[in-house]
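> Sharing a structure here in structure tokens format.
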Amino acid sequence: MIGTWRKRRGPEPPAPERQEPIAQVLRRLEWTVLRPLALRPGGDRRSAQRGSGLDLAEIREYQPGDDVRFLDWAAMARTGVPHVRQTYAERALDAWLLIDVSPSIDWGTARRTKRSQTEELAAAITQVLGRHNTRVGAILFAERPVEVLPPATGRHHLLRLLARLRETPRRAERGATDLEAALDLARTVIRRPSVVVLLSDFLVSDGWSAALGRLAQRHEVVGLRLTDPREASLPDVGIVTLEDPETGEQLLVDTADRRLRERFQAAALAQAAEIDRRLTISSVRRVIASTDADLLPTLLDLLDRRRLDARRRAGIIAR
């Protein structure tokens, strides 16, 4: 008896992932400013000042001396009393990048180093902010503040910033990263209320949280914490020598010791939790930028969170 033969079908191929249309992604690449910080003429950001703009400030009764061009005819028709519309003036905004260029950001075991991640994020944020004539400045810091780049716009300014970021490894000196000194310098240098984006792994000397809180009182501060997967877990690779890239201190450890790896992981988690706590008490929003993640999801996560915060502040959605 001759039987029938049927080829066994393999597992069904996974369904292709639905990719977000590029036009929708581009619409999401928009920096949402949570406070009316803009002061400089020449842009379309909301200012705390009253003047010609699109965002309504208030509708009030007409007073002698008011510009008749701002009469609100609908309100006057309802009440029978002349009313005028007042709007917030539209102004341009300044933004600053506080960029950690210390030796610790040369570490990277995944797709890139933290320094490469920093360069990509700085370029992307500068381009997103620059759509509204926003000038972007930068303060580079390591064991001390290294360089200050005044705010400017345009492709030449972006290329200059990226060139400075690539040059700093040769100029950096040994020593623990002093974030507190960079934050104090930022309070002195940044004269207008601005958006401040802090790019750092926060593997720095203590004492910076109070300085960050003082900076956040006047400016809108965002913290991008640069991480690498191996900073949270130690692989079993035998006896290795670990070196602090900033101080040069070395330590011989046996990574085959399970208890050692567990203590290392617990200490790394406790350190990350403490960094998050200090950012929270300073009223700074934190976003993780890991070397094993693509740039676009990290950037979209940052921008989407800002839109969500703006809607919460406006009372559109509940907290």
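The values are calculated or read from the model by the stated rules, or taken from the named source; none is laboratory data. Owing to the predicted nature of the structure, the values given are computational and were not obtained by experimental measurement. Methodologically, a virtual Cβ is constructed for each residue, glycine included, from the backbone with ideal geometry; neighbour enumeration extends over all protein chains shown. The area values use the complete protein model at the heavy-atom level, side chains included, leaving out ligands, DNA and RNA. Shrake-Rupley method; radii C 1.70, N 1.55, O 1.52, S 1.80 Å.
> So what's region 182-248 giving for Rg/Rh, alpha carbon basis, Kirkwood Rh from the mean inverse pair distance?
Radius of gyration relative to Kirkwood radius: 1.13.
> If packing is taken as the average count of other Cβ atoms within 10 Å, what order do 176-185, 241-250 fall into, highest mean first? Mind dumping the intermediate values first?
On the way: 176-185: 20.6, 241-250: 12.0.
For the peptides 176-185, 241-250, the packing ranking is 176-185, 241-250.
> If you don't mind, another one. Can you give the translational diffusion coefficient of region 94-198 in µm²/s, computed by Stokes-Einstein from the Kirkwood radius over Cα pairs at 37 °C and 0.692 mPa s? Intermediate results must be reported in sequence, preceding the final value.
Details: Rh = 14.0 Å.
This corresponds to a translational diffusion coefficient of 235 µm²/s.
> All other residues with a Cβ under 11 Å from the Cβ of SER209 taken together, and with Lys, Arg as +1 and Asp, Glu as -1, what is their net charge?
Details: positive: ARG214, ARG277, ARG278; negative: GLU180, ASP206, GLU274.
Net charge in that neighbourhood comes out at 0.
> While we're looking at this one, here's another question. Given the whole protein assembly as supplied and a 1.4 Å probe, what does the accessible area of PHE202 come to in Å², nearest 10?
Result for PHE202: roughly 10 Å² accessible.
> Which shape class, rounded, prolate or oblate, goes with region 221-272 when its Cα gyration tensor gives a ≥ b ≥ c as root eigenvalues, a/c under 1.5 marks rounded, and past that a/b bigger than b/c marks prolate? Can you show the working numbers first?
Values: a/c = 2.53, a/b = 1.50, b/c = 1.69.
Oblate.
> A follow-up question, please. Between ALA124 and GLN63, what is the label-to-label distance in nm when each label sits 7 Å out along the Cα-to-Cβ direction?
In this crude spin-label approximation the distance works out to 4.8 nm.
> Can you send over the solvent-accessible area of LEU203, 1.4 Å probe, protein chains only, in Å² to the nearest 10?
The value for LEU203 is about 60 Å².
> I would also like to ask the following. Please state, as a whole number in µm²/s, the translational diffusion coefficient that the Stokes-Einstein equation yields for region 146-223 at 37 °C and 0.692 mPa s, with Rh defined as the Kirkwood radius across alpha carbon pairs. Display every interim value, and only then the final one.
Numbers: Rh = 14.0 Å.
In µm²/s, the coefficient is 234.
> Region 162-273: Rg/Rh from Cα coordinates, Kirkwood Rh?
Working: Rg = 17.5 Å, Rh = 16.7 Å.
Rg/Rh for region 162-273 comes to 1.05.
> In vacuum, with every alpha carbon of region 205-319 counted as one equal point scatterer, what does the Debye formula give for log10 I(q)/I(0) at q = 0.10, 0.13 Å⁻¹? Two decimals, please.
-0.45, -0.71
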